[in-house]
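Chemist: Attaching a single structure in structure tokens format; questions to follow.
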């Protein structure tokens with residue numbers, strides 16, 4: 001931590017190629033293969049005075065331009081030309097990310113206390129390459145078949 005930006009990666013069922021988690025009990029696995037967070041939320045937190053940057057809270061995909069209020073469990077997103085993710089849960093903030101908050105309180109991005117500010121976990125439905133600036137789109141139910 002932090003997760004540093006890279007130009008491209010391949011998203012596998014187990015997560016992004018080359019990524020790993022130290023604590024596999026609480027991170028990673030098929031339903032937590034990818035962690036996503038919105039650049040708009042990061043920017044708003046910075047405006048509040050927090051020293052957060054993309055990747056600082058462990059997300060391995062930073063989105064831009066999505067209506068984050070719609071990124072909830074059950075929703076599917078397509079990243080780039082092929083990769084499809086299904087949001088499985090909101091993440092629980094932990095002490096390892098406290099450095100990204102001015103007061104050290106990572107619960108600022110906890111879904112329970114601050115709905116709509118949480119990162120999310122996703123499972124990989126379709127593996128594929130992703131690149132910086134790839135489009136991320138919501139898939140409609142008809143596209144899921």
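Values quoted throughout were computed directly from the atomic coordinates according to the rules given, and no laboratory measurement underlies them. This is a predicted model, so every value here is computed, not measured. FYI the Cβ positions are ideal-geometry reconstructions off the backbone, even for glycines, and counts take in every protein chain you see.
Chemist: Tally the DSSP beta bridges in the chain and give the antiparallel ones as a percent, rounded to 5. Before the final figure, lay out each step's value.
Modeler: Working: 22 of 25 bridges.
If we restrict to bridges inside the chain, about 90 percent are antiparallel.
Chemist: Using Cα pairs under 8 angstrom and six or more residues apart, how large is the relative contact order of region 10-144, in percent? Don't skip to the answer; put the middle values down first.
Modeler: Details: 258 pairs, mean separation 42.5, N = 135.
Once divided by the residue count of region 10-144, the mean separation gives 32 percent.
Chemist: Let me ask you something else. By per-residue mean of other Cβ atoms within 10 Å, what is the highest-first order of 4-10, 84-90? Walk me through the numbers on the way to the answer.
Modeler: Details: 4-10: 11.4, 84-90: 19.7.
My ranking of the peptides, most packed first, is 84-90, 4-10.
Chemist: Quickly work out the residue 46-to-residue 4 label distance, labels modelled 7 Å from Cα along the C-beta direction, and quote it in nm with one decimal.
Modeler: 1.9
Chemist: Follow-up question, since we're still on this one. 222 nm [θ] for the chain, helices only, -39500 (n - 2.57) per DSSP H run of 4+, per residue, to 500? Mind dumping the intermediate values first?
Modeler: Numbers: 1 runs with 9 residues, N = 145.
Roughly -2000 deg cm²/dmol at 222 nm, from the helical runs in the chain.
Chemist: Something else: Extending each Cα 7 Å along its Cβ direction at residue 102 and residue 126, get the distance between those two points in nm, one decimal.
Modeler: Taking the simple label geometry, residue 102 and residue 126 are separated by 4.4 nm.
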